[in-house]
1. Send over the semi-axes of segment 246-436's equivalent ellipsoid, whole angstrom and largest first, taken as the square roots of 5 times the C-alpha gyration tensor eigenvalues.
2. Dipole magnitude of segment 315-443 about its Cα centre, charges +1 at Lys/Arg Cβ and -1 at Asp/Glu Cβ only, in debye to the nearest 20?
3. In debye to the nearest 20, how big a dipole does the chain give about its Cα centre with +1 on each Lys and Arg Cβ and -1 on each Asp and Glu Cβ?
4. Per the Kirkwood treatment, what hydrodynamic radius in Å, one decimal, follows for segment 345-438 from the mean inverse distance over all distinct Cα pairs?
5. Leaving out ligands, DNA and RNA, and with a 1.4 Å probe, what % of the accessible surface on segment 13-86 is carbon or sulfur?
6. What Kirkwood radius, in Å to one decimal, follows from the Cα pairs of the chain?
7. Please turn the phi angles of segment 358-368 into ³J(HN,Hα) values with the Karplus equation 6.51 cos²θ - 1.76 cosθ + 1.60 (θ = phi - 60°), one per residue in order, whole Hz, x for glycine and proline.
8. Along the three principal axes, how long is segment 214-333 when you take its alpha carbons, biggest first, rounded to the nearest angstrom?
Amino acid sequence: MARFRQTGIDFSIGTLNFLANVGIMLPYILILLRYQQTQSTTFLIALVAFYISRAASIFYTKRLNLNSTTYLLVTLILGALGSLLFALSSSVGWLIIGSLLWGYSAATIWPYFLTIKLHLTHTTSFKMKRLYWLVFALLGIMLAIDLSLGLSYTLTFSVLALLYLGAIPGGVLLGNFVNDFYQHRSHKIHRLHHIWRWLLSLIGFAGIAVLTTLRKAHLNLPSWVTLTIIAIALIVFSIELYSDRHVLPDYKMRLLNRGFLISFVLLFNSFFAYFYWGSIGMYLVFGLYLLGFEAGYAVFQVLAKHQTALAQRLSQGSLIVGHLLLLIPWRLSYLVALLLITLYIGYDNPTINTTLYEATDIDHDLAIVHKYRFSTYGGLLGQLTMFGLLVAVSAIMAQPLLAFFSPTNADHFWLYNVALNWPLILISLGISLGNIRHEPQHI
């Protein structure tokens, strides 16, 4: 009986680990697949609602006097409710509610899970068993059965809801392990304040919702209207960023740079790769990102023989060389360039986690949430910059926006390379150089 109970706990923690690692992307992918299958306006609305909820939620969390352990359980419950609504209903109203709940879960499950992992690392000797590949295999089997029986992802959504619920005991156990951390921590009540900022940010995210819809469907909006929406959103997020100028002042540029880079690689280049590699381009970009993200830290540590200062310089050199190689219009240098950039992202991610968490002037229970908040700022600014350039180019050349997001051939490679790709590379390179200049160098 004790062995059976331990197996259940191990599976629950493994499930939690799995959901935390894939939670930000898996719901979006499943909703996107459902939309592509049906081409239904209902699922397009649900997809946009999820995307906006996921982008906005990291800004609106941490407003109650709750610990990260409690927030983690909330994300699991909301994730279960969101996926269950997608399994049980095709009504646009219920799907919007499901998207909002699931979007919050997707945005916050990893920051809170990572926070608890760091608490465990620094206060206990607890080690998690790596069972999430077993959970991944289980969900993959359910998806295969779903598709083969033509169940329209109903089975997959249902199983995912059960996985969220099954992860709750693991979340409770991890919370019990870090009780000592919270007993020695002063509590701060996070009251709702600066309502004007909340209302202003809603305007910004409404603009992001319109732009997200433009990526999926054709809307007859004049170019000046779209550019006005982009300008307003840029102003809103700039005001938001300025209002947070006193939060993590020593790390803000690094986090903004991280968000911009991820947006540049995963958003822009997942579409631009078509003009190099055709229909497999998006998969190559995702594959390179995963490779670089997972291997970056280990690669530079090995190359530097575990000398921190040298590993940092090598990663920064990789970032700069990657940008310069992207300026060369050649298929192979394009892939190498993306790999070099993602290796830097993979190296920087765990180092900034450790740096922020161990900083004496930052609340350990808020450090990772702040990280993802400012990283999201950088990603949103990257999206708005890309859309601004794309809308201007499309208007001048009388091209629909979907000619970039849903291309049928590579005839416009040079148009997008010169007018869109190169400016974004130079902007990203400028931000990266500014970050390297201000980033503290390890001795």
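The values are calculated or read from the model by the stated rules, or taken from the named source; none is laboratory data. These numbers were taken from a predicted model, which means no experiment stands behind them. Here Cβ is always computed from backbone atoms with ideal geometry, including for glycine, and neighbour counts include all displayed protein chains. Side chains included, ligands, DNA and RNA excluded: accessible areas come from the protein's heavy atoms. Shrake-Rupley method; radii C 1.70, N 1.55, O 1.52, S 1.80 Å.
1. On the way: eigenvalues 187, 75, 34 Å².
With the √(5λ) rule applied to segment 246-436, the semi-axes are 31, 19, 13 Å.
2. Rounded to the nearest 20 debye, it is 400 debye.
3. 400 debye
4. Radius from the Kirkwood sum: 16.0 Å.
5. Solvent-exposed carbon and sulfur of segment 13-86 make up 66 percent of the total.
6. Working: mean 1/r = 0.0436 Å⁻¹.
That comes to 23.0 Å for the chain.
7. Calculated HN-Hα couplings, in order: 8, 5, 6, 9, 10, 4, 4, 7, 10, 4, 6 Hz.
8. 55, 45, 23
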